[in-house]
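Student: Structure below; questions to follow.
The values are calculated or read from the model by the stated rules, or taken from the named source; none is laboratory data. This structure is a prediction, so every number in the text was calculated from the model and none was measured. No Cβ is skipped: glycine too gets one built from the backbone with ideal geometry, and neighbour counts run over all protein chains shown. Remember, those area values only see protein heavy atoms, side chains included, never the ligands or the DNA or RNA. Shrake-Rupley method; radii C 1.70, N 1.55, O 1.52, S 1.80 Å.
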Amino acid sequence: MDFVAKKLITIVAESALEKRLLDGLHDSGIKGYTVSTVHGAGPRGQRVGDLQGGNIKIECVVSEGYVDTVFAMLSKDFFPHYACVAWVSDVGVFRDEHFA
Amino acid sequence: MDFVAKKLITIVAESALEKRLLDGLHDSGIKGYTVSTVHGAGPRGQRVGDLQGGNIKIECVVSEGYVDTVFAMLSKDFFPHYACVAWVSDVGVFRDEHFA
Amino acid sequence: MDFVAKKLITIVAESALEKRLLDGLHDSGIKGYTVSTVHGAGPRGQRVGDLQGGNIKIECVVSEGYVDTVFAMLSKDFFPHYACVAWVSDVGVFRDEHFA
């Protein structure tokens, strides 16, 4: 079976940032994404998002060329200002045409 | 510590497809899975699942031999007909016996 | 763009175990994590967590040195006693300082 190499970007932040993050992804050329409601704690053990309505986890599968664009956006507009973490991993997709 | 290489298959689709997808996984020999409720947008920016009760994300950790079986099932019964995307990645598990 | 290699540990278990698992992670030196509510079935097809309030999925991004510590804790305190599965995968993070 024929798989195409892609990157999965995962972003975790306060729910209040959802629209702004999705706008940032959209402006980076990302049209498809999945959002989950989560809760959690930050790296110093504090509860994150409990008072503001929880956290969200955004996942998007993209071509490798989008990774730098997305992380440049995150490191400019989100990482310095908000409790926001993100990571990237390798995935394979069967149908190339459904992903950015 | 001793880890065994497995594959993580992630499927995102409308909630209405959950039972049919789980039946398809079961028929492919997959007995263990995890389902999350998510929301999101498709690759052309349209909201997916908003009117039908949201989307689901199904995750299952399987031996490599199951990957082709599952994606053959998805590409025959789901990809051509529904808003359904899927990807596969490498994971390691500690206890081999708990996974297909 | 500069990414640092980390490990993503994913743990799925009954919701009733959340506090005990988070305590175990905390004692292993893990301060940051994300918890999702999920449902699912175990490897023998039984529904897991349906009567006890569902399952949880805990995700944490850690330095490689923590993986053995966490899986030693899981295999001592959880795997033999509870419906609990876990897997590990490779991820990259942009901001090292936010992760254990």
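Student: So is residue A:47 modelled with pLDDT of 95 or more, more than 13 Å from chain B (Cβ to nearest Cβ) and open to solvent by 10 Å² or more (accessible area, probe 1.4 Å) or not? Give the steps one after another, and end with the answer.
Tutor: Numbers: modelled with pLDDT of 95 or more: no; more than 13 Å from chain B (Cβ to nearest Cβ): yes; open to solvent by 10 Å² or more (accessible area, probe 1.4 Å): yes.
So residue A:47 does not fit the description; no.
Student: Follow-up question, since we're still on this one. May I ask you to list the residues in segment A:72-85 that are without any contact (Cβ under 8 Å) to a residue 24 or more places away in the chain and within 11 Å of another protein chain (Cβ to nearest Cβ)?
Tutor: Of all residues in segment A:72-85, those without any contact (Cβ under 8 Å) to a residue 24 or more places away in the chain come to A:72, A:75-76, A:79-81.
Correct list: A:72, A:75, A:79, A:80.
Student: Quickly run through segment B:1-40 and pick out the residues that are at pLDDT below 90 and out of contact with any helix residue (DSSP H, G or I) (no Cβ under 8 Å at 6 or more places or on another chain).
Tutor: B:2, B:31, B:39, B:40 - these are the residues of segment B:1-40 that are at pLDDT below 90 and out of contact with any helix residue (DSSP H, G or I) (no Cβ under 8 Å at 6 or more places or on another chain).
Student: What is the one condition in (1) at pLDDT 90 or above; (2) within 14 Å of chain B (Cβ to nearest Cβ); (3) open to solvent by less than 60 Å² (accessible area, probe 1.4 Å) that residue A:54 does not satisfy?
Tutor: That leaves (1) as the condition not met.
Student: Considering each residue of segment A:63-86, count those that are of a type in the set (Phe, Trp, Tyr) and touching a Phe, Trp or Tyr at 6+ places or on another chain (Cβ under 8 Å), and give that number.
Tutor: Taking segment A:63-86 and keeping what is of a type in the set (Phe, Trp, Tyr), we get A:66, A:71, A:78-79, A:82.
Right, trim to touching a Phe, Trp or Tyr at 6+ places or on another chain (Cβ under 8 Å) and you get A:71, A:79.
Of the residues in that region, 2 qualify.
Student: Here's something else I'd like to know. Give me a count of the residues in segment A:67-90 that are closer than 19 Å to residue C:90 by Cβ and surrounded by 15 or more Cβ atoms within 10 Å (Cβ to Cβ). Full working, then the answer.
Tutor: Initially, segment A:67-90 is screened for residues closer than 19 Å to residue C:90 by Cβ, giving A:67-68, A:70-71, A:85-90.
Those left that are additionally surrounded by 15 or more Cβ atoms within 10 Å (Cβ to Cβ): A:67, A:70-71, A:85-90.
Number of matching residues: 9.
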